[in-house]
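Undergrad: One structure is given below, represented as structure tokens, and several questions about it will come after.
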Amino acid sequence: MADLPESTVLASDYFHSYSVVGLLAVIGVLFVAIAFGVGRLLRPVVPTPEKLLTYECGVDPVGEGWAHTQVRYYVYAFLYVIFAVDSIFLFPWATVFAAPGYGATTLVEMFIFLGFLAVGLLYAWKKGVLEWT
């Protein structure tokens, strides 16, 4: 490699790194495929009417298999995720706020950010999203 240009050597090292990652990905996919294939070949297949029933804690199923789920559960989960992700932004802010020379600027930016969060929470409260009944 002494007579090759430096850019060719760098490109070769770059693609060599990706070839190792690609080889590991192929080995991983093959491992999973072989495991599923061997499992399918070795498992016993004895279908009975009892095995084809829907299992509900040892009790025979009664009624339909479809149940209505309240949308408000998803709304609460969505609001939680929004505020959890937004709270993650408070940690980098705290580290920047502690650095010299950034105090007032980062404080104003964080109050603007918290203002947006407060407006979103106020909007959800006014729309009645936070009411459980």
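The values are calculated or read from the model by the stated rules, or taken from the named source; none is laboratory data. Small disclaimer: the values here were computed from a predicted structure and weren't measured. All Cβ positions, glycine included, derive from the backbone under ideal geometry; neighbour counts span all protein chains shown. Side chains are part of the model used for accessible areas, which takes the heavy atoms of the whole protein and leaves out ligands, DNA and RNA. Shrake-Rupley method; radii C 1.70, N 1.55, O 1.52, S 1.80 Å.
Undergrad: Please list 121-129, 37-45 highest first by mean number of surrounding beta-carbon atoms within 10 Å per residue.
TA: In descending order of packing, they fall as 121-129, 37-45.
Undergrad: Sticking with this structure for a sec: Whenever you get a sec, line up Leu117, Leu90 from highest to lowest accessible area (probe 1.4 Å, protein heavy atoms).
TA: On the way: Leu117 35, Leu90 60 Å².
I get Leu90, Leu117, largest accessible area first.
Undergrad: Give the ranking of Asp86, Asp13 by solvent-accessible surface, highest area first, calculated with a 1.4 Å probe.
TA: Details: Asp86 25, Asp13 80 Å².
Highest to lowest solvent-accessible surface, that is Asp13, Asp86.
Undergrad: Take Val62, Val46 and sort them by solvent-accessible surface of the protein heavy atoms, 1.4 Å probe, largest at the top.
TA: Result, largest first: Val62, Val46.
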